[in-house]
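Working notes, beginning with the structure itself.
The values are calculated or read from the model by the stated rules, or taken from the named source; none is laboratory data. Note that the structure is predicted; figures quoted are calculated from it, not measured. When we count neighbours, we look across all protein chains shown, and the Cβ atoms used for this are built from the backbone with ideal geometry, even at glycine. Just the protein is used for accessible areas: all its heavy atoms, side chains included, with ligands, DNA and RNA removed. Shrake-Rupley method; radii C 1.70, N 1.55, O 1.52, S 1.80 Å.
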Amino acid sequence: MAGIGTAALRLDGPAKVTGGAHYGSDAPFGKPLYGVLVTSGIARGRITAIDEQDARAEPGVVDIFTYRNIGKIVPGNIMDGDGYMGTSIAPLASAAIKHDGQIVALVVADTFEAASAAAYRLKIDYAEEVPAATFDSPGTETVAGVVASKKHKDPAVGDAEGAFAGAPVKIDAHYATATQHHNPIELFTTACSWSGGKLTVWESSQNMWGAKTGLALQLGISPDDIHFVSPFVGGAFGSRGSLTQRTAIVALAAKKLARPVKLATARDQGFTIATYRAETRHHLKLGATRDGKLVSVSHEGFEVTSRPDNYMVSGTDASTRLYGCPNVASKVSIVHADRNTPGFMRSPAETPYIFALECAMDELAYALNMDPVELRKVNDTQNEPIKGLPYSSRSLVPCFDAAAKAFGWSKRSMQPGSMREGEWLVGWGTATTMYPSNISASTARVTLFPNGTAKVQTATHEIGQGIYTVCALIAAGKLGVDPANVIVELGDSNLPPAPVSGGSNSTASVSNAVSKACDEILAKRAQGANGAIEAYAENIPKGDPPDAIRKLYKGQPSFTGGTESKDSIRFAFGAQFVEVRVHRLTREIRVSRTTGAFAAGTIVNPTTARSQLMGGMIWGISAALHEATEIDPRNARYTNKDLADYLIPVNADIGDIEVIMIPEEDSIVNPLGIKGIGELGNVGMNAAVANAVFHATGVRIRQIPIRLESLLVA
Amino acid sequence: MPNAHDALSSFSVITRRTILSSTAAASAVPLTMTRGQATPNAEPSAAPPLSVDLVVNNRTERLIIDSRTTLLDALREHLNLTGTKKGCDHGQCGACTVHVGGKRVLSCLTLAVSIREPIATIEGLAKQDGSLHPMQQAFIDQDAFQCGYCTPGQIMSAVACVKEGHAGSDAEIREYMSGNLCRCAAYPHIVAAIKQAKSATESG
């Protein structure tokens, strides 16, 4: 009987291959009006004049909304600070401009073509002030993380400075990661329609209940009067977890005009009206004995954020706990600049911070003349070093053993530049990957029908991870029905709440809630219930606060896992290996093959899990070699705001990707033993690629992305 | 890192780009302009609506549309065929790929009123009885997508890639599928799906 562990094809596959899957952008509103945004041409200053005459002369234009006439919108707090928003910057609250590309107007017309043309004909004048763009720009403000956020701690133990001073082998290096934008292929559209005081919003979201609660707060109405819908989400990667400021603007426009309004946000506008991964800097100091044992780890991080918001990812939480070491120090600071507020992007904390640590570990391996895999094994631990808590499970060494064998690591020669094939320098690199295993309170309703079919209802989100099929497998296994006979309804805020689909928690959170509802159905049946048997279950994981369900109904998750638990530390681990080829003359860099081995507890559906891990690994290649949002330091403006200039891999960029799943049982993380995998695949790849480039060329590049020009000095 | 639109360069219909470069007076908006930063006294850009007959998935549809309407928006907003997706509206992502006269075309760069040949979209690929095209089934079998948003464009491109004779090797498939971006990064599985469906697509 199919259930947990069955390699199942996606039940939503037929819908996705026939055009029958409906995304937020596919709102079925008849005769809508069309909205187009106008965004600011400066990063800091004020609007001094708006000339609407030419724009309103465009045939078909219905109205133009600016700060002068939009009406009251409560800005809201960012999600990182217990709110729902991606930014607290309210774009149409006043004439003030706080970042480049801020929304300054919404043009509404009978057709998309008229709205677009009018948006180009709107004339806005500004009084411009000199903005601070990024690190080192005049006018930035640096604030210690512990000052910016009460939640942030700088993990530390022992005497890292003293131990570093006395260590026989040392690494002291600086690393940097680039600004990145999620760029899901579905644009940041919104469609709003009012009927009898009730608002329906079609918008692709990772956080249905959070979006409706946050929007209600912004509009000053009851969350019960808002219905969020997106049966499918066209890529998310964190970008649709928090609410953007566009939604309330479209809602008010639709209300005033008493017609549905569909907003067609352009690709370039997505770079500035939503969140992104901010650029980071790192200072790593590692001290080790001559046999490779770490005696001191020090990690200092700097992250850019917007002027008003204290957003930070604080990846030292993970990086200070990856290896056994008696002396650890860390510090995170945020740097306020005149930018839009950054936010969650696939493994927000771990991607930049583990990149820095795992590059430094490779440097340490070379300083020791020790195999990089051996160095990881020497420093493996079953207890995290800060508080000494045990890992609930940690299969890092089995991952390294399996991946190294499959990759053929034993044939590697340590010497950089020593492996060549014709005109190509071949490099092999490796790194550890890790990601916290989160779970939140969640709810689900399940119905078992007498004809052997079942229905699962929960307001979780299909962002590509295959949660439709996961829900069906859980119910099928529990209730003894065929997964093909399980109807799964999700992506609708009228369904029982599930947490934000972020932090790789969804499969754990939702599966345990569905499983609990199924248990109740079985209990009812055992007690003699017949006909259609329905059960609604609230699952509160051990470690969640007692009011976790009440918070969930307000769109707030209660994550436990990672470093949040008092009795254990909960992470999934993996080992990643990369082969790069660098052309001897042109320095062109190609990733020819990669192998990743991952241990993440129970794998509900190995078919979709493989795809998720593979996609993550390609994300890591992309971060290491392709992706960077370029910022003009003079005007704090992103300069490559489209899919031709913002480089992501195309099919021809990707070689062989091998995914190995290592069996692991973990009864501590949750009853079903599920650890999330959505973000595990990409974390270590950044460093693995960079380390492979060093092995190929002997040139150590400490800043990603590594491009051809990075290597021309060699 | 090619964005291999060269594979798509052979379509014969008039595109938005060529209209804009050749007929300045009739143009909607120069692409280099920025929203909200207009020059004063711009010429009115709208022209009277035009009538056009489009043959879409073997059905003739008469539309009265703006001359500026792209094929993509005509399909999605006027014919309610939302399977064709908008990912960039700039011909950079491939999500809007459809067939015009049997060739793959970026519908976001194609003006609807310029089309004289039959159009096929993802909704018309399966048989009348609902049985899937071999390429659709192969995408399911190989798990060649995650979120599925780029998938209609990938499948339309994949069918054309095979029919063009560009599926001779893994490397060739990768090259000729590189105009279709997949942010979930299902690329290796897309190659596998095309290999699975190749012979059935060639004979179909």
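The condition of being surrounded by fewer than 23 Cβ atoms within 10 Å (Cβ to Cβ) and more than 9 Å from chain A (Cβ to nearest Cβ) holds for only one of B:A126, B:A47, that being B:A47.
Is it the case, given these coordinates, that A:R587 is more than 30 Å from A:M1 (Cβ to Cβ), surrounded by fewer than 24 Cβ atoms within 10 Å (Cβ to Cβ), out of contact with any Cys (no Cβ under 6 Å at 6 or more places or on another chain) and not assigned by TED's automatic domain parsing to the domain that holds A:R44? Break it down into steps so the answer makes sense when it comes.
Values: more than 30 Å from A:M1 (Cβ to Cβ): yes; surrounded by fewer than 24 Cβ atoms within 10 Å (Cβ to Cβ): yes; out of contact with any Cys (no Cβ under 6 Å at 6 or more places or on another chain): yes; not assigned by TED's automatic domain parsing to the domain that holds A:R44: yes.
Yes; evaluated as a whole, the condition is true for this residue.
Looking at A:S239, is it in contact (Cβ under 8 Å) with a residue 60 or more places away in the chain and under 20 Å from the mean Cα position of the chain (by Cα)? In short, yes. Among (1) facing another protein chain (nearest Cβ under 7 Å); (2) over 30 Å from A:T594 (Cα atoms), there is one condition B:S131 misses while meeting the rest; what is its number? B:S131 satisfies all of (1) facing another protein chain (nearest Cβ under 7 Å); (2) over 30 Å from A:T594 (Cα atoms) except (1).
The single condition among (1) touching a Leu at 6+ places or on another chain (Cβ under 7 Å); (2) within 14 Å of another protein chain (Cβ to nearest Cβ); (3) open to solvent by less than 40 Å² (accessible area, probe 1.4 Å); (4) within 28 Å of A:A254 (Cβ to Cβ) that A:A8 does not satisfy is (4).
A quick yes/no check of all residues on (1) assigned to a strand (DSSP E or B); (2) of a type in the set (F, W, Y); (3) under 30 Å from A:S314 (Cα atoms):
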| residue | (1), (2), (3) |
| --- | --- |
| A:Y67 | no, yes, no |
| A:P75 | no, no, yes |
| A:P91 | no, no, yes |
| A:D100 | no, no, yes |
| A:L106 | yes, no, no |
| A:A117 | no, no, no |
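Would you confirm whether or not the range A:471-489 contains a residue that is under 21 Å from the mean Cα position of the chain (by Cα) and crowded, with 24+ Cβ neighbours inside 10 Å? The answer is no; no qualifying residue exists. Being assigned by TED's automatic domain parsing to the domain that holds A:A597, open to solvent by 30 Å² or more (accessible area, probe 1.4 Å) and more than 13 Å from A:A597 (Cα to Cα) is a description that applies to A:N383. The condition (being open to solvent by less than 10 Å² (accessible area, probe 1.4 Å), in a loop (DSSP other than H, G, I, E, B) and not assigned by TED's automatic domain parsing to the domain that holds B:R104) is satisfied by just one residue among B:A160, B:A167: B:A167. Answer with yes or no whether B:C93 is part of a helix (DSSP H, G or I) and open to solvent by less than 30 Å² (accessible area, probe 1.4 Å). No, not satisfied.
Is there a residue being touching a residue at least 12 places away in the same chain (Cβ under 8 Å), in a helix (DSSP H, G or I), at the interface with chain B (Cβ under 7 Å from one of its Cβ atoms) and not aliphatic (A, V, I, L, M) anywhere in the range A:38-47? Quick ask: steps written out before the conclusion?
Step one: of the range A:38-47, the residues touching a residue at least 12 places away in the same chain (Cβ under 8 Å) are A:38-47.
Narrowing the set further to residues that are in a helix (DSSP H, G or I) leaves none.
Looking for residues that are touching a residue at least 12 places away in the same chain (Cβ under 8 Å), in a helix (DSSP H, G or I), at the interface with chain B (Cβ under 7 Å from one of its Cβ atoms) and not aliphatic (A, V, I, L, M), one finds none in the range A:38-47, hence no.
For the residues A:E579, A:E520, the requirement of being modelled with pLDDT of 95 or more and in a strand (DSSP E or B) singles out A:E579. Number of residues in the range A:48-85 that are more than 14 Å from chain B (Cβ to nearest Cβ), open to solvent by less than 10 Å² (accessible area, probe 1.4 Å) and either at positive phi or out of contact with any Leu (no Cβ under 6 Å at 6 or more places or on another chain) (or both) equals 1. Of everything in the range A:256-296 that is assigned to a loop (DSSP other than H, G, I, E, B) and hydroxyl-bearing (S, T, Y), the residue that is farthest from the chain's Cα centre (by Cα) is A:T289.
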